[in-house]
Every structure is written in structure tokens, then in C-alpha cells.
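Structure record follows, encoded as C-alpha cells.
The values are calculated or read from the model by the stated rules, or taken from the named source; none is laboratory data. Only a predicted model underlies this, so the values are computations on that prediction, with no experimental measurement involved. Every residue, glycine among them, receives a Cβ derived from its backbone with ideal geometry; neighbour counts consider all protein chains shown.
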């Protein structure tokens, strides 16, 4: 059963301090077109910089996930990414007024609550998955961290954390997209830190935005009252207490809340692969470095499978094309009025992208339909087939040959194409054997899907 992509029904904003910078920041989440993915826009910069939330932009830093593009950075995005992924959001644009996402209460809870308030809108395009086909593994000997990814039909995560602490010796947590209520069981779980780490982090000018409201502080040694009073001053509290190894009587939502939070981080970090995952994750002592390293491995695997960009390609249809109409005429035998491709922008060994400018003076509009001109579906398919033929006939062994239709399968028309539209056509050659080739075609207008179909070619 096919699953459709989703976006937000409306936009929302969340404000708060960045965990490490301590600076006030606003993150505004907006609906996005099909195949956009997650994109972060630094609106505080003189020249707004758009950073796709993809593994190719990961920069390794301590204690947080970080992306960098064109000198612009974004930190601590893992909770927001986990919220979008866990709620089934495929496409979202996030406008960020600083370099770090707000830490809020140290979980994904408030992100999820806002997503639920604005609602989720189903889109027409099918969701893109990465299906694990073989065992994948990342291991760091220094931290004894291991992330293992195994084939499975659904997405699940098993997480184990272990520390040299009587209050957090070993914990386990699990998640299954089929049976776990992400919003209730995973999203509210807050970040945690050992007291011994807090003073070190503060001494290194980190966690400027951290306080007892956005982190579980675990105390794993006995402390006398003068030391407790010193901590109270350090955190800016008049009085703090220690209860069952947790600072300031903070009540845990779950006995294994730290392990659940680590699982939350795994979801957010692996979301940077750019796809929803079908596979089983086993995370032993996970951290951001290990998580993002696995995201990079997945991303690389996707690129290897597709031999091209694994994500939608942003094209300026007003830019100079790779092939103009004169070049196209040297490859295709078609001529006006049946030459239905105006420009070609990208050609690889398995992918081609082109466009057609739909104009009112085309002869089929005389009768289809005089009072409401609509481009016939069969001509949309023909236009996509011509784009696919460019990919096949561009190969040296096919020069001078002709690509004929062999079959049309699973054709779906999503919207009308009318005069004034610019039809963007993408055809991916998914199989070729001898003179036969199969292409997967997608045609869009202004980011909205107009047509999807599977086309079979015969080369002669």
C-alpha cells in the first residue's frame, strides 16, 4: 500500500533560548511543497541561507547535531527533526532567527504539540523510503558505541545506554512505528546530563541556555549542604534539592526516560538521511557523532543506489538549459506540433529533466476543450516519454535510433494542465535490458504533481 507525503496545514512558531549559545531564537515551521524535504532558512543573516536538513551538510561537533552550508551553521536541530519525522511530516520549511534551535524543555514535546494543533495535510506524491537491504554498522572503539541497521519491513529502534553510575547503570528503550505512540511515549522525554559534566560544560562556555527546566541533572555522588548551596547559586535558584539521584526533585516521566531521550535523538539524527526508513536500528550507547555518522552512511547508500542525487533537484527553469529546442531536434525525430519538449536541464545515465511551456496557440486546444482548454492526458504522457527518450537516445550506442512506446502502466493524473503552465518533467530510467527500457515519469506544475506513470520504451 502506497503512503502519501505529508506537510503542515498551517505554520507555527516557537521561541526560546539556544542550549549552548543562550541566545533567544525563534523557529517558524511552514508548509512546503511535495518533495521539498526539511529545509532550514537562516533569516537572521543579511543574505538568507537555505540549509537542507541532509547528511551531506553535517558538521561534527560535541554534544549536538550541526549542519553547515555556505558558511552558515545550524545547531541542536535533532529534537525538531525527530518531531517532524515522528509525526509523519515529509515536507517543511523552517525559518530560524539564529544559529541554534530553542531548547525549550529539552525534549520534542512542544514541537509535537504545535504540529498537532495546526494539523497535517496529505499531499499527492508518494513518500520516499530508504529500504535497508543489507546490514550496516558504525562502531567507535573509544566510546564503545555501535549503531547497527538491519533489513525490515517497518521502522523500529532498540536503544541501550550504560554509564558508570549507580543511578544510570544500564537502561533500554524501544520504538516501533507500528505500535509506539511517538507523541506520548518518546517526544516528551528530556535530555539529561550528569552533574559532574555540568561544571565542565559551564567552564568551557557551553550550555549558556541550560537550566533545571530543560535538563534532567543526575547526581551520582553524595553532597553536603554547602556544596548543594553552591550549586543553587550556580543555577540561579534560591533552593535546590536532590531526590533519588535527580537534582531539584524533578519527576521523571518514565523510569527509563534517559534511554528514551537517546532514542529520540537517534530518530532526529537519522532523519538527516532525507528519507523515511524501512529497517531495524540497534543503538548501543548512541550519541550524536555515531548517529550522524550512520545518517551519512545511509545517505551515501541512497546515492549509490540511484547514481544521482537522492533528493529532488531544485532547478531554475529560467536558467540556460543544457539543451535548447535545436539540440533536442537532433536527438528526437518528432517535429511541431508533436515535439512536446522545449528544454532539457539535466541528463545523467539514468535521469533526465526537461520542461514544456504550455501555450494557448497549440492546435489541440481548439477542440480540447474550446471553453475550458486542458492539455490532453495522452499528450502529457507523450511529453514525458519524449523526455525519457532524450535520456536513452543520448547514449552513444543509441545515437540515430528511435524510441517507441512499449507500454504505459500506472498512469495517474493529479491536476489539470492548462495554457500558461510550465510542465516540469522528470524521467528516471529504472531498468534497461537490450532494446527495452522502463522509465518512471513525474510531471509537475509549480511543485504540484500533475502526472505519474511508468513508461516502457523499445529502441530500434
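Can you find a residue in segment 136-145 that is in a loop (DSSP other than H, G, I, E, B), assigned by TED's automatic domain parsing to the domain that holds residue 33, touching a residue at least 60 places away in the same chain (Cβ under 8 Å) and surrounded by fewer than 17 Cβ atoms within 10 Å (Cβ to Cβ)?
We begin by selecting, within segment 136-145, every residue in a loop (DSSP other than H, G, I, E, B); these are 141-144.
Next cut, assigned by TED's automatic domain parsing to the domain that holds residue 33 only: 141-144.
Filter again for touching a residue at least 60 places away in the same chain (Cβ under 8 Å), leaving 143-144.
Going one step further and asking which of them are surrounded by fewer than 17 Cβ atoms within 10 Å (Cβ to Cβ), we end up with 143-144.
Checked against the condition, which is being in a loop (DSSP other than H, G, I, E, B), assigned by TED's automatic domain parsing to the domain that holds residue 33, touching a residue at least 60 places away in the same chain (Cβ under 8 Å) and surrounded by fewer than 17 Cβ atoms within 10 Å (Cβ to Cβ), segment 136-145 yields at least one hit.
Of the helices (runs of 4 or more DSSP H) lying entirely inside segment 214-326, those containing at least 1 residues that are assigned by TED's automatic domain parsing to the domain that holds residue 175 and at pLDDT 90 or above are 257-270, 288-306.
Got a sec? Which of 269, 318, 324, 342 is without any contact (Cβ under 8 Å) to a residue 24 or more places away in the chain and in contact with a helix residue (DSSP H, G or I) (Cβ under 9 Å, 6 or more places away or on another chain)?
It is 342.
Going residue by residue through segment 75-82, is there one that turns out to be under 21 Å from residue 23 (Cβ atoms) and part of a strand (DSSP E or B)? Within segment 75-82 (the criterion being under 21 Å from residue 23 (Cβ atoms) and part of a strand (DSSP E or B)), the answer is yes, since at least one residue qualifies.
A count restricted to segment 433-460 and to residues that are under 18 Å from residue 394 (Cβ atoms) and crowded, with 18+ Cβ neighbours inside 10 Å stands at 8. The residues listed here are 426, 397; of these, the one that is surrounded by fewer than 16 Cβ atoms within 10 Å (Cβ to Cβ) and more than 22 Å from residue 335 (Cβ to Cβ) is 397.
Apart from one condition, residue 47 fits all of (1) without any contact (Cβ under 8 Å) to a residue 40 or more places away in the chain; (2) part of a loop (DSSP other than H, G, I, E, B); (3) touching a strand residue (DSSP E or B) at 6+ places or on another chain (Cβ under 7 Å); the exception is (3).
Residues that are within 32 Å of the chain's Cα centre (by Cα), at pLDDT below 70 and outside any loop (DSSP other than H, G, I, E, B): does segment 172-192 have at least one? I'd like the intermediate steps shown before the answer.
Going residue by residue through segment 172-192, those that are within 32 Å of the chain's Cα centre (by Cα) are 172-192.
Subset that is at pLDDT below 70: none.
Looking for residues that are within 32 Å of the chain's Cα centre (by Cα), at pLDDT below 70 and outside any loop (DSSP other than H, G, I, E, B), one finds none in segment 172-192, hence no.
Just so you know, in segment 83-102 the residues that are in contact with a helix residue (DSSP H, G or I) (Cβ under 6 Å, 6 or more places away or on another chain) and not in a strand (DSSP E or B) include one that is surrounded by the fewest Cβ atoms within 10 Å (Cβ to Cβ), and it is 87. Taking the conditions (1) modelled with pLDDT under 95; (2) surrounded by fewer than 20 Cβ atoms within 10 Å (Cβ to Cβ); (3) more than 14 Å from residue 19 (Cβ to Cβ) in turn, residue 105 satisfies each one other than (3). Scanning segment 345-363 for residues that are out of contact with any helix residue (DSSP H, G or I) (no Cβ under 8 Å at 6 or more places or on another chain) and in a strand (DSSP E or B) gives 345, 346, 355, 357.
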